[in-house]
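The values are calculated or read from the model by the stated rules, or taken from the named source; none is laboratory data. Remember, it's a predicted structure, so these values are computed and weren't measured experimentally. Note that each Cβ is placed from the backbone with ideal geometry, even for glycine, and that neighbours are counted across all protein chains shown.
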């Protein structure tokens with residue numbers, strides 16, 4: 001599948017809702033080596049909203065955001081967290097060892113990487129004793145927002161344009177527990193479903209336009225095709241997520257893991 005072009009403005013339309021799981025993740029991170037000025041990596045930093053949250057947690061940290069999207073990094077450097085350093089790199093191949101991090105944080109990134117459990121062993125090896133891996137990923141790949149998208153891509157109208165390959169996805173929570181423990185960490189793993197109230201026209205469609213739809217839209221280079229696909233997908237989403245008196249309830253399941261190097 002073509003590399004998606006990320007749209008920071010679209011992603012940040014729901015910045016508060018997208019960042020809330022990160023705050024809950026950071027609440028479980030213990031004191032790091034070299035506090036109050038630890039070295040912290042934000043792998044998959046996007047437009048810098050996650051990096052800004054890390055800065056609030058560790059005001060004196062040596063903080064570096066890593067992302068493979070120049071558009072996202074441009075926003076991160078200007079309005080996300082301008083005091084951090086940034087690096088254009090692919091999370092799947094980036095080597096954190098030279099940075100000597102006290103913590104590696106990954107917010108809603110690993111679901112895009114095949115075989116990402118193997119990365120946890122590599123990342124743990126870069127940490128000192130007491131160093132931390134903290135990650136959260138979506139756990140809603142079986143939700144209508146995703147299953148409808150997969151079915152639509154495989155439909156006769158769209159399969160020749162879109163194929164049926166899907167993002168890498170995630171693993172059950174127990175797999176993250178096992179991977180971190182095997183990597184030499186004590187692990188704390190849990191999951192949460194947020195009942196998120198979205199408002200405005202087609203709010204679930206607007207939500208997925210910032211994430212799951214990006215690779216799909218990258219394949220539909222004809223604007224007329226994009227409009228037709230979004231019209232069809234949006235109608236299906238309205239049926240799956242009907243609007244209520246106060247907005248549309250969107251269940252937002254997340255999987256969290258914190259590993260502390262023994």
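The table for this structure:
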| item | result |
| --- | --- |
| Residue list for region 129-155, filter: touching a strand residue (DSSP E or B) at 6+ places or on another chain (Cβ under 7 Å) and surrounded by 15 or more Cβ atoms within 10 Å (Cβ to Cβ) | 130, 131, 132, 133, 134, 135, 136, 137, 138, 139, 140, 143 |
| Selection within region 65-75 - crowded, with 21+ Cβ neighbours inside 10 Å and out of contact with any helix residue (DSSP H, G or I) (no Cβ under 6 Å at 6 or more places or on another chain) | 66, 69, 73 |
| Number of the condition not met by residue 215 [criteria: (1) under 30 Å from residue 31 (Cβ atoms); (2) within 22 Å of the chain's Cα centre (by Cα)] | (1) |
| Candidates 208, 204 - the one that is at pLDDT below 95 and in a helix (DSSP H, G or I) | 208 |
| Hits in region 101-128 - residues which are over 19 Å from the mean Cα position of the chain (by Cα), without any contact (Cβ under 8 Å) to a residue 60 or more places away in the chain and buried (at least 22 other Cβ atoms within 10 Å of the Cβ) | none |
| Region 234-257: number of residues that are more than 30 Å from residue 133 (Cα to Cα), in contact with a helix residue (DSSP H, G or I) (Cβ under 6 Å, 6 or more places away or on another chain) and surrounded by 15 or more Cβ atoms within 10 Å (Cβ to Cβ) | 5 |
| Residue within region 156-171 that is under 24 Å from residue 69 (Cβ atoms), touching a strand residue (DSSP E or B) at 6+ places or on another chain (Cβ under 7 Å) and either surrounded by fewer than 20 Cβ atoms within 10 Å (Cβ to Cβ) or in contact (Cβ under 8 Å) with a residue 12 or more places away in the chain (or both) present | yes |
| Residue that is farthest from the chain's Cα centre (by Cα), among those in region 155-201 that are in a helix (DSSP H, G or I) and modelled with pLDDT under 95 | 160 |
| Positions within region 212-242 being free of Cβ contacts under 8 Å to residues at least 60 places away in the same chain and either touching a strand residue (DSSP E or B) at 6+ places or on another chain (Cβ under 9 Å) or not in a loop (DSSP other than H, G, I, E, B) (or both), in sequence order | 223, 224, 226, 227, 228, 230, 231, 234, 235, 238, 239, 242 |
| Subset of region 46-66 [farther than 23 Å from residue 130 by Cα and touching a strand residue (DSSP E or B) at 6+ places or on another chain (Cβ under 7 Å)] | 46, 48 |
| Condition met for residue 32 (in a helix (DSSP H, G or I), modelled with pLDDT of 95 or more and on the phi < 0 side of the Ramachandran plot) | no |
